[in-house]
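Engineer: Okay, handing you the structure first.
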Protein chains: 2
Amino acid sequence: MELYNYFRSSASFRVRIALALKGLAYDYRPVHLVRNEQLEGDYATRSSNRLVPLLVEDGQSLSQSLAIIEYLEETHPQPPLLPADSFGRARVRAIAQDIACEIHPLNNLRVLRYLVKELRATEDAKNAWYRHWVETGLEAVERRLLADGQTGLFCHADQPGLADCLLVPQIFNAQRFDCRLDHVPTLMAIFDRCMALPAFQAAQPSACPDAES
Amino acid sequence: MELYNYFRSSASFRVRIALALKGLAYDYRPVHLVRNEQLEGDYATRSSNRLVPLLVEDGQSLSQSLAIIEYLEETHPQPPLLPADSFGRARVRAIAQDIACEIHPLNNLRVLRYLVKELRATEDAKNAWYRHWVETGLEAVERRLLADGQTGLFCHADQPGLADCLLVPQIFNAQRFDCRLDHVPTLMAIFDRCMALPAFQAAQPSACPDAES
């Protein structure tokens, strides 16, 4: 497998965690988002949405991080990243989507660029925007995890899974932008437990071949 | 099943289509988003992310439209909304996420409210923002559907499925905000084919009990 990636891309990080949890090897292909490499040349042809990550296997190009992780779950089921029961699977996917559909899309690079360039947002206004969606979005996830008694050592029960693959990169982003995190103690305890595991350590941005300080 | 819903919510509309395609009956529970009913009382307690839709079955509350549709697919597999092969499933999920993660989150009500209230965006600037993400986002979906020879009468092959459940509400939104759509002829042909089907007709906003003109 080849994984087209950017070390700081939160969506890329999700897939790296899933691959690491399943013990799958891959070739890392860097795509530098800040230099707009995703919009150019061979990569733009291969990637219809011109985003990372992109996973290439058997000549097929797969995109969208959640779709890629579901694919890995179907084709390499051990260890499972989704619970066995349908209600549990719905819960884990909903946590993942609380992050992937409600928080992250508002804060990615092209959106921040639009705020500054088209809406003339100041640096302070841009950072306030970022923090607003992260802080309120994570608060909703915290509420969910406290609500139903199914949270364990990780987002769902006691093994890391899909929801944790989404949570950890979002917390990395939150820390990078100095977001408030003291209102989400459950999430932070899970984050710490994840980051104590080799799979999460190996997948983190600073461990990537294209990492920059 | 009970479905908490708002007639104009695009995420609610996706679930209504999936339920209609599978022929599943449900009780419609309106939640008026413009009046902020999702933030209040019993609903706010029940819905951790304070969004619609919410599907209640056997005392369990399920949220996030894609997670709900995956749940319906697992528990009521006929007719299937995902293809049988893993590459096909990854493709359909990626199309769905190109809409659910790249277009829709930027344009929902709370985001538009933030633009106006916090960033002092004018009506014109707000509408330009809306159209920008819809038009560029749909262009990416059009590119994907043209790229790989797997598009048929619908987004994937010749039966309506998950990707079509996402596409149709997004086109409704685009039309409501006068977005340009002449650059996505493949999507529009699929949209027309979907809207000729009773399931899509029955699920559309104007057919909902809480519809307003």
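Every number here is computed from the coordinates shown, using simple stated rules; none is lab data. Given the structure is predicted, the values throughout are model-derived calculations rather than measurements. Counting neighbours? That spans all protein chains shown, and the Cβs are built from the backbone with ideal geometry, glycine included.
Engineer: Test each condition in (1) surrounded by 14 or more Cβ atoms within 10 Å (Cβ to Cβ); (2) under 25 Å from A:Phe172 (Cα atoms) for A:Val56 and report the one that comes out false.
Structural biologist: (2)
Engineer: List the number of the failed condition for A:Phe177; all other conditions in (1) over 22 Å from A:Asn108 (Cβ atoms); (2) of a type outside the set (Ser, Thr, Tyr); (3) in contact with a Lys or Arg (Cβ under 7 Å, 6 or more places away or on another chain) hold.
Structural biologist: Here A:Phe177 meets the rest and fails (1).
Engineer: Taking the stretch B:93-121 as the search range and keeping residues that are β-branched (Val, Ile, Thr) and more than 8 Å from chain A (Cβ to nearest Cβ), which one is nearest to A:Arg46 (Cα to Cα)?
Structural biologist: The residue in question is B:Ile95.
Engineer: Something else about it: Search the stretch A:59-76 for residues being farther than 11 Å from A:Ala18 by Cα and more than 7 Å from every other protein chain (Cβ to nearest Cβ), and hand back the single one that is nearest to the chain's Cα centre (by Cα).
Structural biologist: A:Ser61
Engineer: Going by the conditions given, is B:Ala125 touching a helix residue (DSSP H, G or I) at 6+ places or on another chain (Cβ under 8 Å) and closer than 15 Å to A:Tyr114 by Cα?
Structural biologist: yes
Engineer: When the stretch A:15-45 is examined, which residues are found to be aliphatic (A, V, I, L, M) and free of Cβ contacts under 8 Å to residues at least 12 places away in the same chain?
Structural biologist: Once the filter is applied, which keeps residues that are aliphatic (A, V, I, L, M) and free of Cβ contacts under 8 Å to residues at least 12 places away in the same chain, the stretch A:15-45 yields A:Leu39, A:Ala44.
Residue-wise test of (1) of a type in the set (Asp, Glu); (2) surrounded by 13 or more Cβ atoms within 10 Å (Cβ to Cβ); (3) over 30 Å from A:Ala125 (Cα atoms).
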site	(1), (2), (3)
B:Leu112	no, yes, no
B:Ala125	no, yes, no
B:Glu142	yes, yes, yes
B:His156	no, yes, yes
B:Gln204	no, yes, yes
